[in-house]
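Report on the structure given below.
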Ligand code: SF4
């Protein structure tokens, strides 16, 4: 299997920080719902009821996970309510 090209080709920390800041600002401005707190599969403790690791989809909003991949979950389904995610609110500033 061929290795995928990285989504972001830059490794410049300043550029990566700018991407993260823009993503976070736009997610807030447009009310983007893609994180566990808004998913129907999340538990009250913000863990995933399906058992998926979700560290990148809770807490501070990030465009990329620790491997540099976009923070997304293909099992996300919009829930009827949205839980508080204190870590996300702290990073929205
Ligand atoms: S299915 Fe995905 S988005 Fe939903 S709670 Fe689990 S890890 Fe989070």
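Among residues of region 44-56 that are in contact (Cβ under 8 Å) with a residue 24 or more places away in the chain, those with a beta-carbon under 8 Å from a residue that is outside any loop (DSSP other than H, G, I, E, B) and more than 8 Å from the ligand (Cβ to nearest atom) at least six positions away or on a different chain give the pairs 46/37.
Within region 51-85, which residues are more than 27 Å from residue 10 (Cα to Cα) and surrounded by 12 or more Cβ atoms within 10 Å (Cβ to Cβ)?
Selection gives 52, 76, 79, 82, 83, 85.
Within region 28-38, can you find the residues that are assigned to a helix (DSSP H, G or I) and free of Cβ contacts under 8 Å to residues at least 12 places away in the same chain? The answer is 29, and nothing else.
Report whether or not residue 48 is touching a helix residue (DSSP H, G or I) at 6+ places or on another chain (Cβ under 8 Å), surrounded by 17 or more Cβ atoms within 10 Å (Cβ to Cβ), more than 27 Å from residue 17 (Cα to Cα) and modelled with pLDDT of 95 or more. Spelling it out, residue 48 is indeed touching a helix residue (DSSP H, G or I) at 6+ places or on another chain (Cβ under 8 Å), surrounded by 17 or more Cβ atoms within 10 Å (Cβ to Cβ), more than 27 Å from residue 17 (Cα to Cα) and modelled with pLDDT of 95 or more.
Candidates are the residues of region 39-93 that are in a strand (DSSP E or B) and within 14 Å of the ligand (Cβ to nearest atom); the one that is nearest to the chain's Cα centre (by Cα) is 70. Pairs linking a residue in region 68-81 that is free of Cβ contacts under 8 Å to residues at least 60 places away in the same chain to a residue that is more than 8 Å from the ligand (Cβ to nearest atom) and assigned to a strand (DSSP E or B), with Cβ atoms under 7 Å and 6 or more positions apart or on different chains, are 71/64.
Criterion applied to 18, 38, 28 was being over 20 Å from residue 81 (Cα atoms) and surrounded by 11 or more Cβ atoms within 10 Å (Cβ to Cβ), and the one residue passing it is 18.
The values are calculated or read from the model by the stated rules, or taken from the named source; none is laboratory data. Every value quoted in this text rests on a predicted model; they were computed, and no experiment measured them. Note: ideal-geometry Cβ built from the backbone for every residue, glycine included; neighbour counts use all protein chains shown.
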